[in-house]
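Asks: Structure below; questions to follow.
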Amino acid sequence: MIQKHVDVLIIGAGPAGCVSAAYLNKQDLTIQVIEKSVFPRFVIGESLLPRSMEHFKEVGLFDCLDKQHFEKKFGARFIRNEEHCHFNFSKKYTPGWNWTWQVPRADFDHVLAQEIVKKGVPVAFNWAVTDVKFDDQGATATIENEQGMTEEIRAKFIIDSSGYGRVLPRLLGLDKPSERPSFSSIFTHVEDVRKPAGEEGSLITFDIVKQKVWLWVIPFSNGTTSLGFVGPTSFFEQYEGTTEERMQELLKLSSHYHARFDNLPFKFTPIQIQNYTKNVTQLYGNKYVLTGNSSSFIDPVFSSGVAFATESSLLAAKLVCKELAGEKVDWEVEYARYIQKGVSVFESYVNEWYTGNLQKLFFHRPENPDIKSKICAVLAGYVWDESNPFVKKHHRVIKSMAHLIDLEKEQHRTS
């Protein structure tokens, strides 16, 4: 029996779900958010991009986050042995926000969820969507809690913002094997008791220990730092023992950070995620749309996860409003192609990162400020600005520039 009728059912109360809910609530639509977890809860994806700040501001979620005094992120640093490349968001090509945050997601997501509750959005924590049936008028979702109690909710539309839970892809058989190579990650948190003062202690850094293996270091304002290694799954298979033992061995690969983090106790047992890349056959269907990581996940190297979550969820909410108002929505053009355009830009940068071509651009000296500003705009999340040639020509520009660098080095070598 149906217990509740709503305009929109949102699956997931992470950043994507909260942005959708906040926007729809402002449009006076009836909403129900279903969240499987009880907040606060740990989740990965702790470095944001400036593009997301626009979304939080637009839907009225910026102020509650700003009050938390999260670590501010003004750029990012990349290290390879003794080589350093530092991107400053204030020097990016595309206009927009020049900073964002580095956040413990348990705290960050909890603040967002509590804020939408304060705004009047009903959120059912500790409930999971276990079944869904669609028809031309909407959908009937079955939800269940840990005690086995079930209810049915009738909605005119469903927005899936379930992230790694990937609810609708599982229930509707939308998962598609990724064409990307198999990569994995292992990560944890430490109490950063040896953290240096100033920028060195607060700056997010990507330390390249091998061409395809890198360490993230993300300091938080609460004294904790997130550490994680990413690389081919076959690379991690060389390491034996517990995840704690493997993490300690991996830290020895970082000449820059080993002394700072050596033998510090882990705040939780390191978690290893294998083959993290995900994809789906479609981003939308009759009376539903997938947002954020519920649709796809590329790679953590450029911290694009939350940016795509907020970008897609805000756009999805706007299009749902149009459709429920009786306006025609071309979901393929207005949603799928738009989102995929941004995803494809980041895919090019991720691919060329692991080929080494992008690393050549990062560490080439002397730096070219014009090229760097255009790459910086991409790293800030402004991947829809086609006035930027490093967006418009993303399929070939990095490879072409890397080839020119190789030619230049060869000329110097032979001259």
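The values are calculated or read from the model by the stated rules, or taken from the named source; none is laboratory data. Everything numeric here is computed off the predicted structure, so don't read it as measured data. For neighbour counting, all protein chains shown are included, and Cβ atoms are generated from backbone atoms with ideal geometry for every residue, glycine included.
Asks: For the range 124-142, how many residues meet the condition of being part of a strand (DSSP E or B), touching an Asp or Glu at 6+ places or on another chain (Cβ under 8 Å) and more than 23 Å from Glu323 (Cβ to Cβ)?
Replies: Within the range 124-142, residues that are part of a strand (DSSP E or B), touching an Asp or Glu at 6+ places or on another chain (Cβ under 8 Å) and more than 23 Å from Glu323 (Cβ to Cβ) number 6.
Asks: Now for a separate question. Among the residues of the range 277-327, write down those that are hydroxyl-bearing (Ser, Thr, Tyr) and more than 15 Å from Glu46 (Cα to Cα). Spell out how you get there, then give the answer.
Replies: As a first pass, look at the range 277-327 and keep what is hydroxyl-bearing (Ser, Thr, Tyr): 277, 281, 284, 288, 291, 294-296, 303-304, 310, 312-313.
Of everything in the range 277-327, those that are hydroxyl-bearing (Ser, Thr, Tyr) and more than 15 Å from Glu46 (Cα to Cα) turn out to be Thr277, Thr281, Tyr284, Tyr288, Thr291, Ser294, Ser295, Ser296, Ser312, Ser313.
Asks: If I go through the range 6-22 residue by residue, how many of them are within 20 Å of the chain's Cα centre (by Cα) and either under 21 Å from Ser226 (Cβ atoms) or not small (Gly, Ala, Ser) (or both)? Explain how you work it out, then say what you get.
Replies: Of all residues in the range 6-22, those within 20 Å of the chain's Cα centre (by Cα) come to 10-22.
Subset that is either under 21 Å from Ser226 (Cβ atoms) or not small (Gly, Ala, Ser) (or both): 10-11, 14-16, 18-19.
Selection size over the range 6-22: 7.
Asks: Do we have Asp63 as more than 21 Å from Lys195 (Cβ to Cβ) and surrounded by fewer than 16 Cβ atoms within 10 Å (Cβ to Cβ) here?
Replies: Values: more than 21 Å from Lys195 (Cβ to Cβ): yes; surrounded by fewer than 16 Cβ atoms within 10 Å (Cβ to Cβ): yes.
The answer is yes for Asp63.
Asks: Right, Gly148: surrounded by fewer than 22 Cβ atoms within 10 Å (Cβ to Cβ) and either modelled with pLDDT under 95 or among the charged types (D, E, K, R) (or both) or not? If you could, list the steps in order and put the result at the bottom.
Replies: Details: surrounded by fewer than 22 Cβ atoms within 10 Å (Cβ to Cβ): yes; either modelled with pLDDT under 95 or among the charged types (D, E, K, R) (or both): yes.
For Gly148, the condition - surrounded by fewer than 22 Cβ atoms within 10 Å (Cβ to Cβ) and either modelled with pLDDT under 95 or among the charged types (D, E, K, R) (or both) - is met.
Asks: Here is a list: Lys73, Lys36. Which entry is crowded, with 18+ Cβ neighbours inside 10 Å, farther than 27 Å from Trp99 by Cα and in contact (Cβ under 8 Å) with a residue 12 or more places away in the chain?
Replies: Values: Lys73 fails: farther than 27 Å from Trp99 by Cα.
Selected residue: Lys36, the only one of Lys73, Lys36 that is crowded, with 18+ Cβ neighbours inside 10 Å, farther than 27 Å from Trp99 by Cα and in contact (Cβ under 8 Å) with a residue 12 or more places away in the chain.
Asks: Right, another one. Suppose we filter Ser255, Ser226, Ser295, Ser221 for residues that are in contact (Cβ under 8 Å) with a residue 60 or more places away in the chain and in the same structural domain as Ile31 (by TED's automatic domain parsing); which single one remains?
Replies: Values: Ser255 fails: in the same structural domain as Ile31 (by TED's automatic domain parsing); Ser226 fails: in the same structural domain as Ile31 (by TED's automatic domain parsing); Ser221 fails: in the same structural domain as Ile31 (by TED's automatic domain parsing).
Of Ser255, Ser226, Ser295, Ser221, the one residue that is in contact (Cβ under 8 Å) with a residue 60 or more places away in the chain and in the same structural domain as Ile31 (by TED's automatic domain parsing) is Ser295.
Asks: What about Arg51, is it touching a residue at least 12 places away in the same chain (Cβ under 8 Å), under 30 Å from Glu144 (Cα atoms) and not hydroxyl-bearing (Ser, Thr, Tyr)?
Replies: Working: touching a residue at least 12 places away in the same chain (Cβ under 8 Å): yes; under 30 Å from Glu144 (Cα atoms): no; not hydroxyl-bearing (Ser, Thr, Tyr): yes.
So Arg51 fails the test.
Asks: Would you confirm whether any residue within the range 303-313 is under 18 Å from Ala16 (Cβ atoms), out of contact with any strand residue (DSSP E or B) (no Cβ under 9 Å at 6 or more places or on another chain), surrounded by 17 or more Cβ atoms within 10 Å (Cβ to Cβ) and of a type in the set (Val, Ile, Thr)?
Replies: The answer is yes; a qualifying residue exists.
Asks: Return yes when Asn263 is at pLDDT 95 or above and more than 30 Å from Phe89 (Cα to Cα) and no when it is not. Outline the logic, then answer.
Replies: On the way: at pLDDT 95 or above: no; more than 30 Å from Phe89 (Cα to Cα): yes.
Taking the combined requirement at face value, the residue does not satisfy it.
Asks: Same structure, new question: Mind listing just one residue for me: the one in the range 175-194 that is assigned to a loop (DSSP other than H, G, I, E, B) and buried (at least 17 other Cβ atoms within 10 Å of the Cβ) and, of those, modelled with the lowest pLDDT? Steps first, please.
Replies: The initial filter retains those residues of the range 175-194 that are assigned to a loop (DSSP other than H, G, I, E, B), namely 176-182, 192-194.
Filter again for buried (at least 17 other Cβ atoms within 10 Å of the Cβ), leaving 180, 192.
On the way: Arg180: 75, Asp192: 97.
Step by step, filter the range 175-194, then rank; the result is Arg180.
Asks: Any residue at all in the range 40-58 that is crowded, with 18+ Cβ neighbours inside 10 Å, outside the structural domain of Leu215 (by TED's automatic domain parsing) and over 19 Å from the mean Cα position of the chain (by Cα)?
Replies: No, the range 40-58 contains no residue that is crowded, with 18+ Cβ neighbours inside 10 Å, outside the structural domain of Leu215 (by TED's automatic domain parsing) and over 19 Å from the mean Cα position of the chain (by Cα).
Asks: Can you find even one residue in the range 128-138 that is closer than 26 Å to Phe308 by Cα, at pLDDT 95 or above, buried (at least 16 other Cβ atoms within 10 Å of the Cβ) and within 26 Å of the chain's Cα centre (by Cα)?
Replies: Within the range 128-138, one or more residues are closer than 26 Å to Phe308 by Cα, at pLDDT 95 or above, buried (at least 16 other Cβ atoms within 10 Å of the Cβ) and within 26 Å of the chain's Cα centre (by Cα).
Asks: Suppose we filter Glu332, Glu327 for residues that are surrounded by fewer than 16 Cβ atoms within 10 Å (Cβ to Cβ), at negative phi and part of a helix (DSSP H, G or I); which single one remains? So that I can check it myself, show each step before the final result.
Replies: On the way: Glu327 fails: part of a helix (DSSP H, G or I).
From the options Glu332, Glu327, the qualifying one is Glu332.
Asks: Taking the condition of being touching a His at 6+ places or on another chain (Cβ under 9 Å) and over 13 Å from Arg396 (Cβ atoms), how many residues in the range 347-359 meet it?
Replies: The total comes to 1.
Asks: Quick check, is Leu172 surrounded by 13 or more Cβ atoms within 10 Å (Cβ to Cβ), modelled with pLDDT of 95 or more, farther than 30 Å from His258 by Cα and touching a Phe, Trp or Tyr at 6+ places or on another chain (Cβ under 9 Å)?
Replies: On the way: surrounded by 13 or more Cβ atoms within 10 Å (Cβ to Cβ): yes; modelled with pLDDT of 95 or more: yes; farther than 30 Å from His258 by Cα: yes; touching a Phe, Trp or Tyr at 6+ places or on another chain (Cβ under 9 Å): yes.
Against the criterion (surrounded by 13 or more Cβ atoms within 10 Å (Cβ to Cβ), modelled with pLDDT of 95 or more, farther than 30 Å from His258 by Cα and touching a Phe, Trp or Tyr at 6+ places or on another chain (Cβ under 9 Å)), Leu172 qualifies.
Asks: Quick one: is Ala380 in contact (Cβ under 8 Å) with a residue 24 or more places away in the chain, farther than 27 Å from Ile11 by Cβ and surrounded by 13 or more Cβ atoms within 10 Å (Cβ to Cβ)?
Replies: Working: in contact (Cβ under 8 Å) with a residue 24 or more places away in the chain: yes; farther than 27 Å from Ile11 by Cβ: yes; surrounded by 13 or more Cβ atoms within 10 Å (Cβ to Cβ): yes.
Considered against the rule, which asks whether it is in contact (Cβ under 8 Å) with a residue 24 or more places away in the chain, farther than 27 Å from Ile11 by Cβ and surrounded by 13 or more Cβ atoms within 10 Å (Cβ to Cβ), Ala380 comes out as yes.
Asks: Only residues that are hydrophobic (A, V, I, L, M, F, W, C), assigned to a loop (DSSP other than H, G, I, E, B) and modelled with pLDDT under 85: list them for the range 285-307, please.
Replies: Let us first name the residues in the range 285-307 that are hydrophobic (A, V, I, L, M, F, W, C), namely 289-290, 297-298, 301-302, 306-307.
Add one more test, that the residue is assigned to a loop (DSSP other than H, G, I, E, B), and what stays is 298, 301-302.
Within the range 285-307, just Ile298 meets the criteria.
Asks: Sticking with this structure for a sec: Is it the case that Glu386 is exposed (fewer than 13 other Cβ atoms within 10 Å of the Cβ), free of Cβ contacts under 8 Å to residues at least 40 places away in the same chain and touching a helix residue (DSSP H, G or I) at 6+ places or on another chain (Cβ under 6 Å)? Give the steps one after another, and end with the answer.
Replies: Details: exposed (fewer than 13 other Cβ atoms within 10 Å of the Cβ): yes; free of Cβ contacts under 8 Å to residues at least 40 places away in the same chain: yes; touching a helix residue (DSSP H, G or I) at 6+ places or on another chain (Cβ under 6 Å): yes.
The answer is yes for Glu386.
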